[in-house]
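The next block holds one structure in the form of structure tokens; read it before the comments.
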Amino acid sequence: MKLKLLSTISMAAIVAAGVANAASHSEKMKVGVLATLEGTYTVLGEDGIRGLKTAMGQFKSMAGGKEIELVIQSTDASPESAVRGARKLVEQDGVEVVIGPLSGSEGIAIRDYAKTQPQATFINGISGAQETTYVTPAENFFRFNTDGAQWSAGLGDYVFNEKGYKTVATVGEDYSFIYTQVFGFALEYCAAGGEITERFWVPLGTKDFGSIIAALPDDVDAIYLGLGGGDAVNFLNQYQQAGGDANLIGGSIMVDGTVLNSKGSAKDALIGTPSSGPQADTWDDPKWQTYVKAYQDAFAPEDRFPSPSLLGTGYYNATTAVLTCLDDVNGDLSDGHAAFRQCLSTIELDAPNGKITLDENRQAVGTNFVSEVIQLDDGTLATQLVAMKENVNQTLGIDKDKFAAIGLPSREVPACKASY
């Protein structure tokens, strides 16, 4: 009788354990996502989400033994919309992990918001303003993409020494990310001997570039364009209509797939344009090619670009880091996410665009790609690798004190000098 009772208890325990185990496997974890799904950068945000979903597919939407449920919140590239979105995700939806944002000034705003929400962990989507991690970084904010200045590494030297562009004027959107892009370009280009004669700034979301185009100097060797999304397409259309034919240098999002795959022929003006950034579309590295195929297989051809944009790659890498570390800690976010954040801080991400590690400010150190726009056999445009720079850190290899003395990126910083 006693044996039978023990047997009954044991069976009950096994059943209970099985139920508990099933519940554990069916448990969901909400992960919040911020992306620009409205405004000038809508097309950028859409591909960011495709990159994120490509990573999710590779993990079968599971991490740490839990099903990952995405809560996607739209922003419009403004800091205000990013903070509103983050508040909804964290304070209303109750997410503990947020991936995003996409745009530069959004990133600075989310860094500051993160400091008010120590119970949550924020992993940058692809925003690239320097200040986000360089100035008063947040301990719970991690960025697995290099910033806009790091994306310029190698370009200034290339256009001065290989293209022979001794003087340039710049046109850029008037906000933190493009300041950071021009900052990185100017440091290297001016140190090589180049001269930036004029800098033009336009509001994000500009529709009419007529006055800027009319004011562009015709006595420079090239014009650097720090524009993206709808702004880039609008400028190219109007520049061609005005008969513009200057040599062009592209900021990273000027020659990204989000512009190169836009409708119309205006983008053809970019063929031959040198640029730089965190990837090159036609790179023959096996890891890159495997990632491109995974992206292509995840979406119907009409619902994606021929190759992932840098926005897609940024969100892919961020999501991969999140899911990898959730697996590493078995989904345990106790003790203020201590183990999870330790993993994020120390992981070496074997990313499709090169190995990525984080510095003491949780800022990516990685590879940068100098490229030129080419036309492929099928008529589409893509970026082709011409040079690579590995292990690019946030101070661009410059001594930290000397780098700090240059000042933060702005309309006029850095000054164009032969030495810093």
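Which one is farthest from LEU155 (Cα to Cα) among residues in the range 180-202 that are β-branched (Val, Ile, Thr) and open to solvent by less than 30 Å² (accessible area, probe 1.4 Å)? Among them, the one singled out is VAL202. The helices (runs of 4 or more DSSP H) falling completely within the range 116-217 that include 1 or more residues that are of a type in the set (A, V, I, L, M), touching a strand residue (DSSP E or B) at 6+ places or on another chain (Cβ under 6 Å) and touching a residue at least 12 places away in the same chain (Cβ under 8 Å) map to 155-161, 176-192, 210-215. When residues in the range 387-420 are screened for being open to solvent by less than 50 Å² (accessible area, probe 1.4 Å), in a strand (DSSP E or B) and within 30 Å of PHE122 (Cβ to Cβ), 1 of them pass. Of everything in the range 339-362 that is in a helix (DSSP H, G or I) and among the aliphatic types (A, V, I, L, M), the residue that is nearest to the chain's Cα centre (by Cα) is LEU344.
Here GLN384 does not fit the description of being in contact with a strand residue (DSSP E or B) (Cβ under 8 Å, 6 or more places away or on another chain) and surrounded by 23 or more Cβ atoms within 10 Å (Cβ to Cβ). Selection of the range 363-375 for residues being within 15 Å of the chain's Cα centre (by Cα) and open to solvent by 10 Å² or more (accessible area, probe 1.4 Å) yields VAL365, THR367. Exactly one residue out of VAL259, VAL233, VAL255 is open to solvent by 20 Å² or more (accessible area, probe 1.4 Å) and at pLDDT 95 or above: that is VAL233. Here the range 44-77 is the region considered, the condition is being farther than 22 Å from PHE305 by Cβ, small (Gly, Ala, Ser) and open to solvent by 10 Å² or more (accessible area, probe 1.4 Å), and the residue that is nearest to the chain's Cα centre (by Cα) is SER61. Across the range 78-91, not a single residue is classified as open to solvent by less than 10 Å² (accessible area, probe 1.4 Å), assigned to a loop (DSSP other than H, G, I, E, B) and touching a residue at least 24 places away in the same chain (Cβ under 8 Å).
The numbered conditions (1) more than 30 Å from THR395 (Cβ to Cβ); (2) open to solvent by 40 Å² or more (accessible area, probe 1.4 Å); (3) in a helix (DSSP H, G or I) are all true for VAL292 except (2). Please go through the range 164-199 and pick out each residue that is of a type in the set (A, V, I, L, M, F, W, C) and closer than 18 Å to THR132 by Cβ. Answer for the range 164-199, where residues must be of a type in the set (A, V, I, L, M, F, W, C) and closer than 18 Å to THR132 by Cβ: PHE177, ILE178, VAL182, PHE183.
Among the residues of the range 98-155, the ones that are over 20 Å from GLU348 (Cα atoms), buried (at least 22 other Cβ atoms within 10 Å of the Cβ) and of a type in the set (Lys, Arg) come to 1 in all.
The values are calculated or read from the model by the stated rules, or taken from the named source; none is laboratory data. This is a predicted model, so every value here is computed, not measured. Here Cβ is always computed from backbone atoms with ideal geometry, including for glycine, and neighbour counts include all displayed protein chains. Ligands, DNA and RNA are stripped out before the accessible areas are found, and what is left, the full protein with its side chains, is counted by its heavy atoms. Shrake-Rupley method; radii C 1.70, N 1.55, O 1.52, S 1.80 Å.
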